[in-house]
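Asks: Dumping the structure here so I can ask a few things about it.
Bear in mind that the values in this text are calculations on the coordinates, not laboratory data. All figures in this text were calculated on a predicted structure; none of them were measured in a lab. Virtual Cβ from ideal backbone geometry, glycine too; neighbours counted across all protein chains shown.
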């Protein structure tokens with residue numbers, strides 16, 4: 001089996017971090033929403049402020065992940081643009097393998 005490159009390891013770490021932060025956001029939002037059912041007035045406004053801050057943190061986190069992954073996206077686009085026939089051949093090869101595997105299941 002091929003060894004993972006440093007770029008692949010970094011990409012997996014970024015992905016794992018993003019998913020864990022999104023999971024934490026979902027859990028905190030769910031908790032805040034369940035607590036908000038009985039609140040009225042100032043308590044409700046405070047809760048909305050807390051939820052707004054958490055959502056802003058999540059948006060910042062997504063922006064950071066997007067900025068960190070942009071070089072990989074650019075490199076992929078450059079490779080595909082610079083090697084169109086290799087890209088077509090690789091895609092066709094993957095399609096053939098998947099078709100053969102799915103054909104065996106029937």
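Asks: Each label point is 7 Å from the Cα along the Cα-to-Cβ direction; what then is the distance between the points at residue 30 and residue 10, in nm?
Replies: Here the answer is 3.4 nm between the modelled labels.
Asks: At residue 64 and residue 101, where each label point lies 7 Å from the Cα along Cα→Cβ, what is the point-to-point distance in nanometres?
Replies: My value for the distance between the label points is 3.5 nm.
Asks: Given a Förster radius of 25 Å and the C-beta distance between residue 17 and residue 52 as r, what FRET efficiency does 1/(1 + (r/R0)^6) yield to the nearest 0.05?
Replies: So the FRET efficiency works out to roughly 0.65.
Asks: Just to be sure I understand the model, the point goes 7 Å from the Cα along the line to the Cβ. What's the resulting residue 43 to residue 85 distance in nm?
Replies: So the two model labels end up 7.2 nm from each other.
Asks: On a 0 to 90 degree scale, rounded to 10, what angle separates helix 42-82 from the longest Cα axis of the chain?
Replies: 10
Asks: Which three lengths, in whole Å and largest first, does the chain cover when its Cα atoms are put on their principal axes?
Replies: 63, 39, 25
Asks: Further question: May I ask for the angle, rounded to the nearest 10°, between helix 6-36 and the longest principal axis of the chain, with both axes built from Cα atoms and the value confined to 0 to 90°?
Replies: On a 0 to 90 degree scale, this one is about 30.
Asks: Rounded to the nearest 500 deg cm²/dmol, what is the calculated helix-only ellipticity per residue at 222 nm for the chain, with -39500 (n - 2.57) per DSSP H run of length n ≥ 4?
Replies: -32000 deg cm²/dmol
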